[in-house]
1. For the chain, what is the mean residue ellipticity at 222 nm derived from helices alone (per DSSP H run of n ≥ 4: -39500 (n - 2.57); sum divided by total residues; nearest 500 deg cm²/dmol)?
2. For the pairs Lys28/Lys83; Lys83/Lys125; Lys126/Lys164; Lys143/Lys208, flag any whose C-alpha to C-alpha distance is greater than 25 Å.
3. Can you give me the % of accessible surface on the chain that is carbon or sulfur? Probe 1.4 Å, all protein chains present, nothing else counted.
4. If you take the square roots of the eigenvalues of the alpha-carbon gyration tensor of region 120-231 and sort them as a ≥ b ≥ c, do you get rounded (a/c under 1.5), prolate (a/b over b/c) or oblate?
5. Leaving out ligands, DNA and RNA but keeping every protein chain, what accessible area does Ile205 have, in Å² rounded to the nearest 10, with a 1.4 Å probe?
6. On average, how much accessible surface per residue is there in the chain, in Å², for a 1.4 Å probe, leaving out ligands, DNA and RNA?
7. For Tyr24, what accessible surface area do you get with a 1.4 Å probe? Give it in Å², rounded to 10.
8. What fraction of the DSSP beta bridges in the chain is antiparallel, stated in percent and rounded to the nearest 5?
Amino acid sequence: MRKTNYTIKELPLEDRPREKLISYGESKLSNSELIAILLGSGTRGRTAIELAQDILCQSSGLIGLADLSIDELTQKKGIGQSKASRLKVAFELGRRLSDFSPAKKTILRSPIHAVDYMQSRLKLKKQEIFLVVLLDIKSQVIKVEEISKGGLAKSIVHPREVFKTAIRASAAGIILGHNHPSGNTTASSEDINITNKLIEAGNIIGIKVIDHLIIGDNSYLSMREEGLINC
């Protein structure tokens with residue numbers, strides 16, 4: 001990488017990210033400039049903007065960067081725990097804001113509606129992520145919870161973890177969902193067995209498991225529509 005012999009303070013005022021933010025607003029800043037403000041500083045020989053450009057390039061853009069854990073971020077040159085923490089907090093606030101809609105709640109009345117709602121959270125992920133969408137009695141979304149990462153076979157998707165947050169939120173029903181990074185949406189025997197166990201647990205405590213969706217690159221499978229589960 002090319003090394004610089006100047007700092008951001010030596011750039012013209014109109015080219016400094018923080019000053020541009022104050023003068024023109026956040027919409028006028030590039031992704032690397034926004035990330036540079038979060039980083040706060042660069043490294044020896046590299047400005048914060050150049051460091052931001054480096055990690056965006058190495059992560060294949062914002063989506064890849066947002067998906068990295070603290071440990072993965074700190075493996076990148078110039079990113080310590082402080083910088084990594086600021087990045088994770090910023091992405092988490094953005095995710096929470098996207099879930100918040102006080103004026104109009106999202107209603108999920110069919111699998112395709114649920115797929116559209118989940119896809120932005122699951123598409124392009126490099127590992128399996130298991131989500132639970134909590135619904136009220138009118139099928140309105142209360143919230144979305146990430147239960148596990150790494151695949152159903154490798155991680156424990158226990159009824160206790162799935163229903164703990166549903167009970168706290170007074171959910172009437174839940175929709176399960178996970179992605180297959182391979183793009184193949186075929187349900188495995190593990191997928192089906194775990195889903196039926198969760199359905200049984202839901203019936204006992206009075207929270208209906210409405211469906212389990214498997215999300216691929218450009219396709220999905222509804223276990224309920226395919227008759228693979230007992231809901």
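1. Value at 222 nm, helices only, nearest 500: -12500 deg cm²/dmol.
2. Among Lys28/Lys83; Lys83/Lys125; Lys126/Lys164; Lys143/Lys208, the Cα-Cα distance tops 25 Å for Lys126/Lys164.
3. 51 percent
4. prolate
5. So the heavy atoms of Ile205 present about 80 Å² to solvent.
6. Dividing the accessible area of the chain by its residue count gives 58 Å².
7. That residue has around 140 Å² of solvent-accessible surface.
8. Percentage antiparallel, nearest 5: 70.
The values are calculated or read from the model by the stated rules, or taken from the named source; none is laboratory data. Worth saying up front: this structure is predicted, and the values here are computed from it rather than measured. These accessible areas exclude ligands, DNA and RNA; they are computed on the full protein's heavy atoms, side chains included. Shrake-Rupley method; radii C 1.70, N 1.55, O 1.52, S 1.80 Å.
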